[in-house]
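Have a look at the structure below, then the notes.
The values are calculated or read from the model by the stated rules, or taken from the named source; none is laboratory data. This is a predicted model, so every value here is computed, not measured. Backbone-built Cβ (ideal geometry, glycine too); neighbour counts: all protein chains shown. Ligands, DNA and RNA are excluded from the accessible area calculation, which covers all protein heavy atoms including side chains. Shrake-Rupley method; radii C 1.70, N 1.55, O 1.52, S 1.80 Å.
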Amino acid sequence: MIFIPFRVPFYSKKGVVSSEHPLASVIGAEVLRNGGNAVDAAVATSFALAVTLPHLSGIGGDFFALVRDSNGEVSFFDGGGYAPTGLSMEFLETAGYPLMPERGPLSVNVPGMVFGLYNMWKAFGELEWRNLIKPAMYLASKGFPATQSLVSAINNVSQILAMDNGSAETYLLSKPSKPGDLVKFPRLAKALELISEDPRNFYEGEIAEAITEYMEKKGGLISLDDLKSFKPERRKPISSEYRGVIVYETPPNTQGITTLHILMILEDYEFKEIKASSFTRVRAFIKACELAYKIRDIHIGDPRYMRYKVEEILSKDFLTGEYESLSSNHMYFFDKADTTFFAIADQRDMIVAGIQSIFYIFGSGITEPKYQITLNNRASGFTLNKRSVNTPAPRKKPLHTLSAMIIESEKEDRVISLGLSGGHLRPQLHAWILTNIVDFGMSIQEAIEYPRFAFLYPTKRLLLERGIETPDNLSLIHISEPTRPLYISYAVFCL
């Protein structure tokens, strides 16, 4: 197959911002142009995305980042929230829930994004915090043109939004009818102003009070003390080597470890003699994914509750254990979940791989009306399967689908930031793009645009984009047309 990418790579000597919304990217680039570093630009970009892509992310959700500083050290910034004190297995069993609620008040975790960004800025930021939020405030108050993504999201889940007064007022009362229509969130702008003055306003000030009051009214469990007690973390990333390339990923409670497991298994395969589009390659991925996801669903979650240390789970010996009896109750319907990733590099060799989300499109479906804050449904990431470490408990963090990669190649003297939307599919897609680059010698742009596949474990359903070989004797295959991609967006670049 002859493959020619559609886009021309962008090159810059002074830094670059890659995000899912052009206004957010322009805002981040302006920060770099005005003397800010990659972390300053990340804060501005992140808040701008929270305004312009409210169906994918927001200050009512979570944020994670890998930051590689100018000395080459990589840090992980954890802005993931935890379950409210009142949420537990016993509570849900008594209330008669056979499964975790997917949406609604009991699906809401304490949002971690605001403090996660602030923690990262305190460590590396150079420009004034307040000024980095001002562009997002302006977009929320003065308005911005609606994207096709936002218009479609509102239409697709309008019934869910209509069930909540806050969501209906925010998104349906004056909803955009077509791309380009002006969208404003004036009360969100006020929340951003309070956060710009002091991020603690979100966790113990007026915003916190508004969130807890509305949660109580809706039957939710988040208390003011849950918000006050939340603290973000700065931790070490996890890493492994793949064919001489160092791969950094986000540690548990994220599924970054699953990406590394897939790569560790794939390293036993020799891809040099096959084509990148070969189904032999897809079959190797399927085998790797089956094992990696089985391990994830039983063993990965909040690290305080895991039965094994991360170092043990990342060993080759752990992968050779007996997992045939393991089963999962997770179902990967990737059309429900979404997120947004951005990548930033400055001219001082600092690089940020940032990712944020409210999980499902418009999260829980609940929007606090005073400040127009749409709340996440991350608590739905818990499972009621008692064999898993990922069962709900007070102040516990769920298995989190968000993850991001930083890749270092000493041989080629380059660093790559890689991330994408994709929910539960993210680990296999991270690995797919990386192997495009490392095993098949593709350029960054080729690796992004090359046909993809998705293995929906445990349903055994396989999605293939046109261009990937399809054997005649294989059932359960759905061919995705090139005009209907696998709902995945990428931001990848290298220093």
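Under the condition of being over 22 Å from V43 (Cβ atoms) and open to solvent by less than 20 Å² (accessible area, probe 1.4 Å), the residues counted in the range 187-211 number 1.
Considering V31, V17, V26, the condition of being surrounded by fewer than 24 Cβ atoms within 10 Å (Cβ to Cβ), hydrophobic (A, V, I, L, M, F, W, C) and closer than 29 Å to A191 by Cα is satisfied by V26 alone. Any residue that is farther than 30 Å from E311 by Cβ, assigned to a helix (DSSP H, G or I), in contact with a strand residue (DSSP E or B) (Cβ under 6 Å, 6 or more places away or on another chain) and modelled with pLDDT of 95 or more - is there at least one of those in the range 192-211? Yes, there is a match, as at least one residue in the range 192-211 is farther than 30 Å from E311 by Cβ, assigned to a helix (DSSP H, G or I), in contact with a strand residue (DSSP E or B) (Cβ under 6 Å, 6 or more places away or on another chain) and modelled with pLDDT of 95 or more. Residue by residue through the range 34-58, note down the ones that are open to solvent by 10 Å² or more (accessible area, probe 1.4 Å) and among the polar types (S, T, N, Q). Passing the criteria: only N34.
Residue by residue, here is whether (1) in contact (Cβ under 8 Å) with a residue 40 or more places away in the chain; (2) surrounded by fewer than 22 Cβ atoms within 10 Å (Cβ to Cβ); (3) within 23 Å of the chain's Cα centre (by Cα) holds:
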| residue | (1), (2), (3) |
| --- | --- |
| K397 | yes, no, yes |
| E412 | no, yes, no |
| V415 | yes, yes, yes |
| S421 | yes, no, yes |
| A431 | yes, no, yes |
| I437 | no, no, yes |
| Q445 | yes, yes, yes |
| Y450 | yes, yes, yes |
| G467 | yes, yes, no |
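Taken over the range 68-88, the criterion of being farther than 30 Å from S409 by Cα and either among the charged types (D, E, K, R) or buried (at least 24 other Cβ atoms within 10 Å of the Cβ) (or both) is satisfied by G81, A83, P84, L87.
Checking L161, L139 one by one, the residue that is over 30 Å from A353 (Cβ atoms), in contact with a helix residue (DSSP H, G or I) (Cβ under 6 Å, 6 or more places away or on another chain) and assigned to a helix (DSSP H, G or I) is L161 and no other. Does F382 meet the test of being among the aromatic types (F, W, Y) and within 25 Å of V8 (Cβ to Cβ)? When the stated conditions are applied, F382 does not pass them.
Restricted to the range 218-239, and to residues that are of a type in the set (A, V, I, L, M) and open to solvent by less than 30 Å² (accessible area, probe 1.4 Å), which residue is farthest from I366 (Cα to Cα)? Among residues in the range 218-239 that are of a type in the set (A, V, I, L, M) and open to solvent by less than 30 Å² (accessible area, probe 1.4 Å), the one farthest from I366 (Cα to Cα) is I238. Quick one: how many residues across the range 352-370 are within 29 Å of A123 (Cβ to Cβ), open to solvent by less than 10 Å² (accessible area, probe 1.4 Å) and assigned to a loop (DSSP other than H, G, I, E, B)? Selection size over the range 352-370: 2. Residue under question is Y305, and the condition is that it be at pLDDT 95 or above, more than 18 Å from A404 (Cα to Cα), among the aromatic types (F, W, Y) and open to solvent by 10 Å² or more (accessible area, probe 1.4 Å); does it hold? Yes: the conditions hold for Y305.
The rows are residues; the columns are (1) at pLDDT 90 or above; (2) of a type in the set (A, V, I, L, M, F, W, C).
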position: A379; (1), (2): yes, yes
position: T383; (1), (2): yes, no
position: E410; (1), (2): no, no
position: G441; (1), (2): yes, no
position: A447; (1), (2): yes, yes
position: R452; (1), (2): yes, no
position: F455; (1), (2): no, yes
position: L474; (1), (2): no, yes
position: T483; (1), (2): no, no
